[in-house]
Amino acid sequence: MLFWNKKKHLETNSMDNGVNLITVSLPKSVNTEQFNTIRTNIEFSSIDKERKSLMFTSSMTSEGKSTVAANTAVAFARQGKKVLLVDADLRRPTINATFNIQNPVGLTNFLTEKNLNINDAIYRTSIKNLYVMPSGPIPPNPSELIGSKKMSRVVEALDSAFDLVIYDAPPVLSVTDAQILSTKVDGTILVVRENKTEKVLVKQAVRLIQHVNGEILGVVLNDVRGEGSGYYGYYG
(Lines give C-alpha, C1' and ligand atoms only; values in the text may rest on other atoms or scores of the structure.)
Protein backbone atom coordinates (compact mmCIF):
# COMPACT_ATOMS: atom_id res chain seq x y z
CA MET A 1 0.00 0.00 0.00
CA LEU A 2 1.22 3.49 -0.83
CA PHE A 3 1.20 6.06 1.94
CA TRP A 4 1.08 9.26 -0.11
CA ASN A 5 -1.11 10.76 -2.78
CA LYS A 6 0.74 11.08 -6.08
CA LYS A 7 -1.86 13.43 -7.51
CA LYS A 8 -1.28 16.18 -4.94
CA HIS A 9 1.65 18.48 -5.61
CA LEU A 10 2.06 21.50 -3.38
CA GLU A 11 4.19 24.58 -3.83
CA THR A 12 6.18 26.00 -0.93
CA ASN A 13 6.66 29.54 -2.25
CA SER A 14 3.93 31.05 -0.06
CA MET A 15 5.75 32.12 3.10
CA ASP A 16 3.40 34.88 4.18
CA ASN A 17 1.53 32.44 6.45
CA GLY A 18 2.77 29.50 8.41
CA VAL A 19 6.41 29.13 9.41
CA ASN A 20 9.44 30.47 7.56
CA LEU A 21 11.14 27.76 5.52
CA ILE A 22 14.56 29.37 5.48
CA THR A 23 16.01 26.12 4.14
CA VAL A 24 13.89 26.63 1.01
CA SER A 25 14.06 30.39 0.53
CA LEU A 26 17.78 30.70 1.41
CA PRO A 27 19.31 27.24 0.94
CA LYS A 28 22.91 28.52 1.15
CA SER A 29 22.44 30.72 4.21
CA VAL A 30 24.13 30.36 7.59
CA ASN A 31 20.76 29.55 9.13
CA THR A 32 20.20 26.70 6.69
CA GLU A 33 23.62 25.32 7.58
CA GLN A 34 22.57 25.27 11.22
CA PHE A 35 19.63 23.04 10.34
CA ASN A 36 22.04 20.76 8.51
CA THR A 37 24.03 20.65 11.75
CA ILE A 38 20.91 19.73 13.69
CA ARG A 39 20.28 16.94 11.18
CA THR A 40 23.82 15.63 11.62
CA ASN A 41 23.59 15.75 15.41
CA ILE A 42 20.35 13.77 15.30
CA GLU A 43 21.91 11.17 13.03
CA PHE A 44 24.85 10.70 15.40
CA SER A 45 22.73 10.73 18.55
CA SER A 46 22.54 6.95 18.34
CA ILE A 47 24.69 5.09 15.86
CA ASP A 48 23.43 1.65 16.89
CA LYS A 49 19.72 2.48 16.73
CA GLU A 50 17.85 3.67 13.67
CA ARG A 51 15.36 6.34 14.64
CA LYS A 52 12.33 6.30 12.40
CA SER A 53 10.21 8.87 14.23
CA LEU A 54 11.04 12.12 16.01
CA MET A 55 8.90 14.60 17.92
CA PHE A 56 9.68 18.31 18.13
CA THR A 57 8.11 20.21 20.99
CA SER A 58 8.79 23.07 23.41
CA SER A 59 7.95 23.94 26.98
CA MET A 60 5.63 26.84 26.06
CA THR A 61 4.22 28.50 22.94
CA SER A 62 6.10 30.81 20.56
CA GLU A 63 9.49 29.15 20.97
CA GLY A 64 9.82 28.17 17.30
CA LYS A 65 9.26 24.41 17.50
CA SER A 66 7.18 24.35 14.29
CA THR A 67 9.82 26.34 12.41
CA VAL A 68 12.59 24.06 13.63
CA ALA A 69 10.59 20.90 12.86
CA ALA A 70 9.73 21.97 9.31
CA ASN A 71 13.22 23.15 8.41
CA THR A 72 14.81 20.04 9.89
CA ALA A 73 12.44 17.94 7.79
CA VAL A 74 13.64 19.78 4.68
CA ALA A 75 17.27 19.20 5.68
CA PHE A 76 16.68 15.45 5.96
CA ALA A 77 14.73 15.32 2.69
CA ARG A 78 17.54 17.06 0.83
CA GLN A 79 19.90 14.39 2.11
CA GLY A 80 17.87 11.85 0.16
CA LYS A 81 15.64 10.45 2.90
CA LYS A 82 11.94 10.04 2.28
CA VAL A 83 10.54 12.27 5.03
CA LEU A 84 7.03 12.88 6.32
CA LEU A 85 6.27 15.97 8.41
CA VAL A 86 3.17 15.40 10.54
CA ASP A 87 1.26 18.25 12.15
CA ALA A 88 0.44 16.64 15.49
CA ASP A 89 -0.47 20.00 17.00
CA LEU A 90 -4.21 19.49 16.68
CA ARG A 91 -4.91 22.77 18.48
CA ARG A 92 -2.69 25.28 16.65
CA PRO A 93 -1.76 23.73 13.29
CA THR A 94 0.77 25.34 10.95
CA ILE A 95 1.47 22.90 8.12
CA ASN A 96 -1.61 23.79 6.07
CA ALA A 97 -0.59 27.48 6.06
CA THR A 98 3.12 26.80 5.51
CA PHE A 99 2.48 24.60 2.49
CA ASN A 100 -0.63 26.45 1.29
CA ILE A 101 -3.07 23.56 1.66
CA GLN A 102 -6.67 24.75 1.58
CA ASN A 103 -9.18 22.91 3.80
CA PRO A 104 -6.89 19.92 4.21
CA VAL A 105 -7.87 16.39 5.07
CA GLY A 106 -5.39 15.39 7.74
CA LEU A 107 -4.51 13.46 10.86
CA THR A 108 -7.74 14.28 12.69
CA ASN A 109 -9.82 13.01 9.78
CA PHE A 110 -7.95 9.71 9.68
CA LEU A 111 -8.23 9.19 13.44
CA THR A 112 -11.98 9.89 13.52
CA GLU A 113 -13.27 8.57 10.20
CA LYS A 114 -13.51 4.80 9.74
CA ASN A 115 -13.24 4.54 5.97
CA LEU A 116 -10.69 7.23 5.18
CA ASN A 117 -7.59 6.05 3.30
CA ILE A 118 -4.41 7.34 4.88
CA ASN A 119 -3.21 8.33 1.42
CA ASP A 120 -5.84 11.06 1.41
CA ALA A 121 -4.21 12.72 4.42
CA ILE A 122 -0.67 12.81 3.00
CA TYR A 123 0.49 15.42 0.50
CA ARG A 124 3.51 15.51 -1.75
CA THR A 125 5.37 18.84 -1.66
CA SER A 126 7.52 20.50 -4.31
CA ILE A 127 10.59 19.62 -2.22
CA LYS A 128 11.95 16.30 -3.39
CA ASN A 129 11.42 13.48 -0.85
CA LEU A 130 9.32 15.65 1.48
CA TYR A 131 5.69 14.83 2.26
CA VAL A 132 3.37 16.42 4.80
CA MET A 133 0.34 15.38 6.80
CA PRO A 134 -1.72 18.38 8.02
CA SER A 135 -3.61 18.18 11.29
CA GLY A 136 -7.02 18.48 9.64
CA PRO A 137 -10.00 20.03 11.46
CA ILE A 138 -9.41 21.05 15.08
CA PRO A 139 -11.14 18.37 17.21
CA PRO A 140 -12.77 18.79 20.63
CA ASN A 141 -10.63 16.01 22.13
CA PRO A 142 -7.02 16.25 20.84
CA SER A 143 -5.41 14.43 23.78
CA GLU A 144 -7.75 11.47 23.46
CA LEU A 145 -7.00 11.18 19.74
CA ILE A 146 -3.22 11.36 20.25
CA GLY A 147 -3.46 8.73 22.99
CA SER A 148 -5.69 6.37 21.04
CA LYS A 149 -4.69 2.91 19.84
CA LYS A 150 -5.35 4.05 16.29
CA MET A 151 -2.70 6.75 16.69
CA SER A 152 -0.22 4.08 17.78
CA ARG A 153 -1.06 2.11 14.64
CA VAL A 154 -0.60 5.24 12.52
CA VAL A 155 2.88 5.80 13.97
CA GLU A 156 3.85 2.19 13.23
CA ALA A 157 2.46 2.30 9.69
CA LEU A 158 4.21 5.57 8.84
CA ASP A 159 7.48 4.25 10.29
CA SER A 160 7.37 1.41 7.80
CA ALA A 161 6.51 3.64 4.84
CA PHE A 162 9.04 6.47 5.31
CA ASP A 163 12.70 6.76 6.17
CA LEU A 164 11.88 9.39 8.79
CA VAL A 165 8.67 10.79 10.28
CA ILE A 166 8.83 14.12 12.14
CA TYR A 167 5.95 15.08 14.41
CA ASP A 168 5.33 18.72 15.27
CA ALA A 169 3.68 18.47 18.69
CA PRO A 170 2.12 21.04 21.05
CA PRO A 171 4.13 22.54 23.93
CA VAL A 172 4.66 20.16 26.83
CA LEU A 173 3.44 22.45 29.59
CA SER A 174 0.30 23.60 27.79
CA VAL A 175 -1.41 20.24 27.23
CA THR A 176 -0.67 16.53 27.65
CA ASP A 177 -0.48 15.74 23.93
CA ALA A 178 3.32 15.93 23.69
CA GLN A 179 3.80 13.73 26.75
CA ILE A 180 1.55 11.08 25.24
CA LEU A 181 3.15 11.24 21.80
CA SER A 182 6.66 11.03 23.27
CA THR A 183 5.86 7.45 24.33
CA LYS A 184 5.05 6.46 20.73
CA VAL A 185 8.07 7.92 18.90
CA ASP A 186 11.77 7.06 18.89
CA GLY A 187 12.97 10.36 20.31
CA THR A 188 12.00 13.87 21.37
CA ILE A 189 13.76 17.16 20.67
CA LEU A 190 12.98 20.18 22.82
CA VAL A 191 13.12 23.64 21.26
CA VAL A 192 14.15 26.45 23.61
CA ARG A 193 14.11 30.12 22.63
CA GLU A 194 16.89 32.32 23.92
CA ASN A 195 15.85 35.24 26.16
CA LYS A 196 12.28 33.95 26.26
CA THR A 197 12.12 30.50 27.82
CA GLU A 198 12.55 30.33 31.59
CA LYS A 199 14.98 27.67 32.84
CA VAL A 200 12.50 26.36 35.37
CA LEU A 201 9.99 25.71 32.59
CA VAL A 202 12.55 23.85 30.49
CA LYS A 203 13.44 21.64 33.47
CA GLN A 204 9.76 20.99 34.11
CA ALA A 205 9.17 20.02 30.47
CA VAL A 206 12.11 17.61 30.59
CA ARG A 207 10.80 16.01 33.78
CA LEU A 208 7.34 15.52 32.26
CA ILE A 209 8.74 13.77 29.19
CA GLN A 210 11.04 11.60 31.29
CA HIS A 211 8.19 10.79 33.69
CA VAL A 212 6.40 8.86 30.92
CA ASN A 213 9.70 7.28 29.77
CA GLY A 214 9.96 9.41 26.66
CA GLU A 215 13.52 9.74 25.34
CA ILE A 216 14.88 13.27 24.92
CA LEU A 217 17.61 13.34 22.29
CA GLY A 218 18.62 16.93 22.91
CA VAL A 219 17.71 20.60 22.86
CA VAL A 220 17.75 23.15 20.04
CA LEU A 221 18.55 26.66 21.23
CA ASN A 222 16.53 28.87 18.92
CA ASP A 223 16.85 32.52 17.93
CA VAL A 224 20.40 33.00 19.16
CA ARG A 225 21.95 36.24 18.03
CA GLY A 226 25.71 36.66 17.84
CA GLU A 227 26.63 40.31 17.48
CA GLY A 228 29.10 40.93 14.68
CA SER A 229 29.63 37.26 13.89
CA GLY A 230 27.07 36.93 11.14
CA TYR A 231 25.45 34.04 12.97
CA TYR A 232 21.85 34.81 13.66
CA GLY A 233 18.36 33.31 13.76
CA TYR A 234 17.82 29.60 14.21
CA TYR A 235 21.19 28.61 15.61
CA GLY A 236 21.28 24.94 16.54
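Small (Gly, Ala, Ser), assigned to a loop (DSSP other than H, G, I, E, B), open to solvent by less than 40 Å² (accessible area, probe 1.4 Å) and touching a helix residue (DSSP H, G or I) at 6+ places or on another chain (Cβ under 7 Å) - does that describe any residue in the stretch 164-172? Show your work before the answer.
At the first step, the residues of the stretch 164-172 found to be small (Gly, Ala, Ser) are 169.
Going one step further and asking which of them are assigned to a loop (DSSP other than H, G, I, E, B), we end up with 169.
Right, trim to open to solvent by less than 40 Å² (accessible area, probe 1.4 Å) and you get 169.
Subsequent filtering for residues that are touching a helix residue (DSSP H, G or I) at 6+ places or on another chain (Cβ under 7 Å) retains 169.
Yes, the conditions are met somewhere in the stretch 164-172.
Using the structure shown, decide if residue 141 is in contact with a strand residue (DSSP E or B) (Cβ under 9 Å, 6 or more places away or on another chain) and open to solvent by 10 Å² or more (accessible area, probe 1.4 Å).
Criteria not met by residue 141.
So, in the stretch 111-125, exactly how many residues are surrounded by fewer than 21 Cβ atoms within 10 Å (Cβ to Cβ) and either touching a residue at least 60 places away in the same chain (Cβ under 8 Å) or farther than 17 Å from residue 89 by Cα (or both)?
Of the residues in the stretch 111-125, 9 are surrounded by fewer than 21 Cβ atoms within 10 Å (Cβ to Cβ) and either touching a residue at least 60 places away in the same chain (Cβ under 8 Å) or farther than 17 Å from residue 89 by Cα (or both).
Identify, please: which residue in the stretch 193-218 is assigned to a loop (DSSP other than H, G, I, E, B) and in contact with a strand residue (DSSP E or B) (Cβ under 7 Å, 6 or more places away or on another chain) and is, among those, most open to solvent (accessible area, probe 1.4 Å)?
Ranking the candidates gives 215 first.
Out of 150, 128, 184, report the one residue that is outside any helix (DSSP H, G or I), in contact (Cβ under 8 Å) with a residue 12 or more places away in the chain and farther than 26 Å from residue 63 by Cα.
Numbers: 150 fails: outside any helix (DSSP H, G or I); 184 fails: farther than 26 Å from residue 63 by Cα.
Step by step, each of 150, 128, 184 is checked, and only 128 is outside any helix (DSSP H, G or I), in contact (Cβ under 8 Å) with a residue 12 or more places away in the chain and farther than 26 Å from residue 63 by Cα.
Return the residues of the stretch 41-94 that are in contact with a Leu (Cβ under 7 Å, 6 or more places away or on another chain), assigned to a loop (DSSP other than H, G, I, E, B), buried (at least 24 other Cβ atoms within 10 Å of the Cβ) and not hydroxyl-bearing (Ser, Thr, Tyr); say none if nothing qualifies.
Correct list: 88, 90.
The values are calculated or read from the model by the stated rules, or taken from the named source; none is laboratory data. Computed from a prediction, not measured in an experiment: that's the story for all the values here. For neighbour counting, all protein chains shown are included, and Cβ atoms are generated from backbone atoms with ideal geometry for every residue, glycine included. Note: areas computed on protein heavy atoms with side chains; ligands, DNA, RNA excluded. Shrake-Rupley method; radii C 1.70, N 1.55, O 1.52, S 1.80 Å.
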